[in-house]
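The values are calculated or read from the model by the stated rules, or taken from the named source; none is laboratory data. Here the structure is a predicted model, which is why all the values come from computation and not from measurement. Every residue, glycine among them, receives a Cβ derived from its backbone with ideal geometry; neighbour counts consider all protein chains shown. Quick note on the areas: whole protein, heavy atoms, side chains included, nothing else; ligands and nucleic acids left out. Shrake-Rupley method; radii C 1.70, N 1.55, O 1.52, S 1.80 Å.
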Amino acid sequence: MAIYNELHSSSQEIINIQIVIDTDAITTDYPKPSKDPAKPTGLPHNYMYMVATRSDVITGSGTANISIKANVGDIIRWHAVSEYSNFDSAVVIYNLAQFGGTTVFNNLTFSVYTRQGILPVDRDALPVGFSTQNFWFNQANVINTGTEYYNVQFALYVRHRDFVDPILFGYYYWDPTVTVQN
């Protein structure tokens, strides 16, 4: 079956990169961040982790830099979440800005899709029910092989006891690399 799937797969693939950001550590270590999205506060690489499916990763899964296998025409999607799964603290990537290397992706867009998602029913994990949910990510087209240096810029929101909605804590960035090889 695996050979059949490999031989009959589409020439274009979607590569999902999940980013988990340690918001507790960031708010403790960088308590006075920028409030200007054009000038986010820089962070070292020990506050975030990127993972992708095993078949797409060359090296770096579980680190702040990742090397992936992709072909020109593929699509990369970046999904970001706090260690709270965006429940208490939440993160939203608002820009991916190249600052060096080869341009390997372009046409960055922010997308929100509304579709049915799973939801546990009556405090039990199973069976599940379904509800309309929003799913969002940043997406770009792979246009070249090589290594691109870019800034992942994100807004961090925190929930306080006295407020119903989370409030903006600040804007941050870190500078990972993505290496695309086919």
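What the table shows:
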read-out	value
Percentage relative contact order, the chain, counting C-alpha pairs under 8 Å, at least six apart	27
Solvent-accessible area, 1.4 Å probe, carbon plus sulfur percent, for segment 47-152	54
Bins of 10 Å, starting at 0 and running to the largest distance - Cα pair percent for segment 102-182	14, 25, 30, 24, 8, 0
Segments 92-104, 58-70, 15-27 sorted - mean Cβ within 10 Å per residue, highest first	15-27, 58-70, 92-104
Normalised convex hull volume, segment 23-129, alpha-carbon set, Å³ per residue	180
Accessible-area ranking of 29, 175, 122, largest first, probe 1.4 Å	122, 29, 175
Theoretical FRET efficiency, 1/(1+(r/R0)^6), r = Cβ-Cβ of residue 58 and residue 87, R0 41 Å, to 0.05	0.80
Debye intensity ratio in log₁₀ form over the Cα atoms of the chain, taken at each q of 0.08, 0.09, 0.11, 0.12 Å⁻¹	-0.29, -0.37, -0.55, -0.65
Extension gain from residue 181 to residue 118, taking 0.36 nm per residue of separation minus the Cα-Cα distance	19.2 nm
Peptide ranges 43-52, 146-155 listed from the most packed, as the mean C-beta count within 10 angstrom indicates	146-155, 43-52
Residue 128/residue 16 FRET efficiency (R0 30 Å; Cβ-Cβ; nearest 0.05)	0.90
Computed label-point distance, nm, for sites residue 144 and residue 35 using a 7 Å Cα→Cβ extension	3.9
For segment 72-121, alpha-carbon Rg over 2.2 N^0.38 Å	1.54
The chain - accessible surface per residue (Å², probe 1.4 Å)	58
FRET E, pair residue 94, residue 164, Förster distance 22 Å, beta-carbon r, rounded to 0.05	0.45
Ordering of 161-172, 124-135 by packing [mean C-beta count within 10 Å, highest first]	161-172, 124-135
